[in-house]
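Right, one structure below, let's go through it.
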Number of protein chains: 2
Amino acid sequence: MSQKAAIGVDIGGTSVKLGVVNSQGRVLEYRSFLTDKRKSRKKQLDTLAAHIQELIRLAKNKKLKVLGVGIGAPGPIDVERGFVYFFPNIPGWKNTPLKAILERRLKLPVAVDNDANAMALGEFLFGAGRGAKNIIALTLGTGVGGGIVMGGRLFHGSHYSAAEIGHLVINENGPRCGCGSRGCIETYVGNGYFIKEVERRLRTGQKSVLRAWLKKKEKLTPLLVSQAAQNGDRFSQEIWRETGEHLGTALAGLVDVLNPEKIILGGGIAQNGKLLFNPVIKTLRKKAFPIASRSVKVVPAALGVDAGLVGAAALVLVNRTK
Amino acid sequence: MSQKAAIGVDIGGTSVKLGVVNSQGRVLEYRSFLTDKRKSRKKQLDTLAAHIQELIRLAKNKKLKVLGVGIGAPGPIDVERGFVYFFPNIPGWKNTPLKAILERRLKLPVAVDNDANAMALGEFLFGAGRGAKNIIALTLGTGVGGGIVMGGRLFHGSHYSAAEIGHLVINENGPRCGCGSRGCIETYVGNGYFIKEVERRLRTGQKSVLRAWLKKKEKLTPLLVSQAAQNGDRFSQEIWRETGEHLGTALAGLVDVLNPEKIILGGGIAQNGKLLFNPVIKTLRKKAFPIASRSVKVVPAALGVDAGLVGAAALVLVNRTK
């Protein structure tokens, strides 16, 4: 019997990544192209379909059985119909029946979901969530995306709008968030907010090695703050401790409500290891209910840069290889 | 065919209520007795079993087919084994295999769950949640209990510890909570905290009709503050508005994470109608994501004083009458 595979497609505001992913979650072929926002949706769809068709051909040459195409998309989706409501960062995609369009052209089953949900499913099937039944995955990037797997299935809620974990409020008097609320966890651990807070503190005149580094034209990034902390910079260590405490407070709420086995943290800010994870776990244990907080594991994501497209492929593989 | 029914038992720190409940959720027979905390667990179990047996006899006299006994218990439960970890307000029940003990004595299936979960299931099957698939139910009493029904089933999490919604943090710098955290929603809408906050504000010398009423020996309760607000007392109206905003913030987080169809509010503080519901709904719409917040309905609980035992009976009826 030929080995099974799916095409995974990770649509992003900057680039589209796609690949042939086998039923063990390995990427066998990989492509990417820039998201050309000036082109019409039709032209963008033509480019996308052509790349997918090329990968399908490559997969067939390798004697793989392609089960379908999974797409992780950067916006709200009606998952059942594979319908794109809109993409906040790519104009022109409002109300696109993406699944219907691609199934007609590709003659293969197509599954579409929000990119954060796809990543959660990828980690669940092939990454840090293997072996668990109930997980929560968070991606700490510019925004904070989330996905929830319960009883082995993605949890979508009543209108496919569940798992917007980045907007859990941890301080109703906190910083204003783009979503219209205040003190959402995204306003503490989202990249942009994080950097703004570091800049604000630097302006207060506190001592930090960052000041010297920035004069040498280093760019202020979470990674730079993390290097400073590892070099013993108190200022940077304190920022990471507080960031971890904020995130830990949000996770404590999630643990009290959902009692998951694992929480998986991915994205740039999650790559700071103990600097972030230690205060997160300490705060979580202190604030969440004992039965739930003692048993939950907080772990880094395992799929790395492939997470998006492996997760997208998982949307097809989860239903068709078990 | 004879009509089906279950015995519902609502164990509380003050009294135990039990009844015969038919498959439409109607209470056909009702009993209650005081929780005698000075007695041994064995004696308490004897009393409980005797009352249940009496109801089973009564039900059989009415030609009802008794499917089993459902128990709503005031503490954490291993639902699969029907095992009581402990009851915070009734000593002596630590590690009690309640399901096993009662099934041996009653020769009937016994289901045990946390009382807040049972109430959520009761509202889902027979009350304000009828017709929905995904609901969240909150009981606003001394504490704030919660239950989550997803896809028609109670959601328990990995260790039966899910739905501790009262301890979702809405202000990490807020009042200290009994659970060890700060600014949990319970510290704003739990009865005791609510009354303490009213007292604190009265001490600041603000004008309020409550001051005169309290001099006439009225007891300060949420109901009294609600009557004052209905009488046009600005002080009391402001308190209800703020309480509603706090609760709305917590519900916005839940809506972003779980995207439910309905949120059902029960318990004393929820009986204040528009005073509470208006600011709750306004805040929720403002703070939660549009797709999820426009579609969710926030409604009062419908089962009233019977909620506990109807919910307990529902634990049996949900699996056996559909």
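Estimated purely from DSSP H runs of n ≥ 4, each contributing -39500 (n - 2.57), the mean residue ellipticity at 222 nm for chain B is -13000 deg cm²/dmol once divided by its residues.
Cut-off 10 angstrom, C-alpha nodes, Gaussian network model of chain B. Which of B:GLY146, B:GLY157, B:GLY190 fluctuates the most? The residue with the greatest mean-square fluctuation here is B:GLY157.
What average count of beta carbons from other chains do you get within 10 Å of the Cβ of residues in A:168-177?
Partner Cβ neighbours, averaged per residue: 6.
For the protein assembly as shown, DSSP calls about 60 percent of its internal beta bridges antiparallel. In sequence order, the stretch A:176-183 has phi-based couplings of 5, 10, x, 7, x, 9, 10, x Hz under the Karplus curve 6.51 cos²θ - 1.76 cosθ + 1.60, θ = phi - 60°, and Gly or Pro positions carry x. Applying 0.36 nm per residue to the separation of A:GLU80 and A:ARG182 and subtracting their alpha-carbon distance, the gain on full extension is 33.5 nm.
Along the Cα-to-Cβ line of A:LYS4, 7 Å from the Cα, sits a label point; which residues in the stretch A:10-47 have backbone N less than 19 Å from it? Under cut-off, by backbone N: A:19-29. List the GluC sites (Glu not before Pro) within the stretch A:12-119 that fall in a DSSP loop (any state other than H, G, I, E or B) and whose Cβ has at most 13 other Cβ atoms within 10 Å. Of the GluC sites (Glu not before Pro), the ones in loops of the stretch A:12-119 whose Cβ has at most 13 other Cβ atoms within 10 Å are A:GLU80.
On the beta carbon distance between A:SER15 and A:GLN206, with R0 = 51 Å, the FRET formula returns roughly 0.85.
Rounded to whole numbers, the Karplus 3J(HN,Hα) couplings from phi for the stretch B:138-152 are 10, 10, 9, x, 4, x, 10, x, x, x, 10, 10, 10, x, x Hz, using 6.51 cos²θ - 1.76 cosθ + 1.60 with θ = phi - 60°, and x at Gly and Pro. Across identical copies of the chain, B:GLY268 has label-point separations of 5.0 nm, listed in ascending order, with the point defined 7 angstrom from Cα along Cα→Cβ.
For chain B, the relative contact order comes to 20 percent (Cα pairs under 8 Å, sequence separation of at least 6). The ranking of A:LYS4, A:LYS287, B:LYS262 by Cβ neighbour count inside 10 Å, starting from the fewest, reads A:LYS4, B:LYS262, A:LYS287. Among A:GLY12, A:GLY311, A:GLY273, the largest mean-square fluctuation in a Gaussian network model of chain A, built with springs joining Cα atoms closer than 10 Å, belongs to A:GLY273. Note on the protein assembly as shown: dipole from Cβ charges, positive end direction compared against B:ALA111, B:VAL189, A:ALA128; the farthest Cα belongs to B:ALA111.
Full extension from A:ASN319 to A:TYR30: what is 0.36 nm times the residue separation minus their Cα-Cα distance, to one decimal in nm? Please list the in-between numbers first.
Working: separation 289, 0.36 × 289 = 104.04 nm, distance 2.27 nm.
Fully extending the segment from A:ASN319 to A:TYR30 adds 101.8 nm.
The 3J(HN,Hα) values that the Karplus relation (6.51, -1.76, 1.60; θ = phi - 60°) gives for the stretch A:75-84 are, in residue order, x, x, 10, 8, 5, 4, 8, x, 10, 7 Hz. Gly and Pro appear as x. For an R0 of 60 angstrom, estimate the FRET efficiency from the Cβ-Cβ distance between A:LYS63 and B:GLU103 and round to the nearest 0.05. My answer for the efficiency is 0.60.
Label-point spacing for B:GLY131 across the identical copies (point 7 Å from Cα in the Cβ direction), in nm and ascending order: 4.7. Which parts of the stretch A:168-195 would a label at B:LYS286 reach, counting a residue when its backbone N lies under 18 Å from a point 7 Å out along Cα-to-Cβ? So the set is A:168-185. Among the helices of chain B, those built from whole DSSP H runs whose Cα atoms reach 20 Å or more along their own axis and whose mean Kyte-Doolittle hydropathy is at least -1.0 are B:41-61, B:234-258. For GluC sites (Glu not before Pro), the sites in the stretch B:214-315 that DSSP calls loop and that have at most 14 other Cβ atoms within 10 Å are B:GLU218. Applying a threshold of 30 Å to the alpha-carbon distances of A:LYS282/B:LYS94; A:LYS94/B:LYS286; A:LYS217/B:LYS286; A:LYS39/A:LYS196 flags A:LYS217/B:LYS286; A:LYS39/A:LYS196 as lying beyond it. Take A:GLY232, push a point 7 Å out from Cα through the beta-carbon direction, and compare it with the same point in every other copy: 7.1 nm, smallest first.
Computed on the stretch B:13-68, with alpha-carbon pairs under 8 angstrom and 6+ residues apart, the relative contact order is 28 percent. Give the long-range amide H neighbours of A:LYS65: residues separated by 5 or more places, or on another chain, with amide H under 5 Å away, using H modelled in the peptide plane at 1.01 Å from N. Under 5 Å from the amide H of A:LYS65: A:GLN3, A:LYS4, A:ALA5. For the stretch B:37-85, trypsin sites (Lys or Arg not before Pro) are listed when DSSP marks them as loop and at most 16 other Cβ atoms sit within 10 Å of their Cβ; the list is B:LYS37, B:ARG38, B:LYS39, B:LYS62, B:LYS63, B:ARG81. In chain A, the beta carbon lying closest to the axis that superposes A onto B belongs to the residue given here with its whole-angstrom distance, A:ASN171, 3.
Each value in this text was obtained by applying a stated rule to the coordinates, not by laboratory testing. Note that the structure is predicted; figures quoted are calculated from it, not measured. A quick note on method: Cβ atoms are made from the backbone with ideal geometry, for glycine too, and the neighbour counts reach across all protein chains shown.
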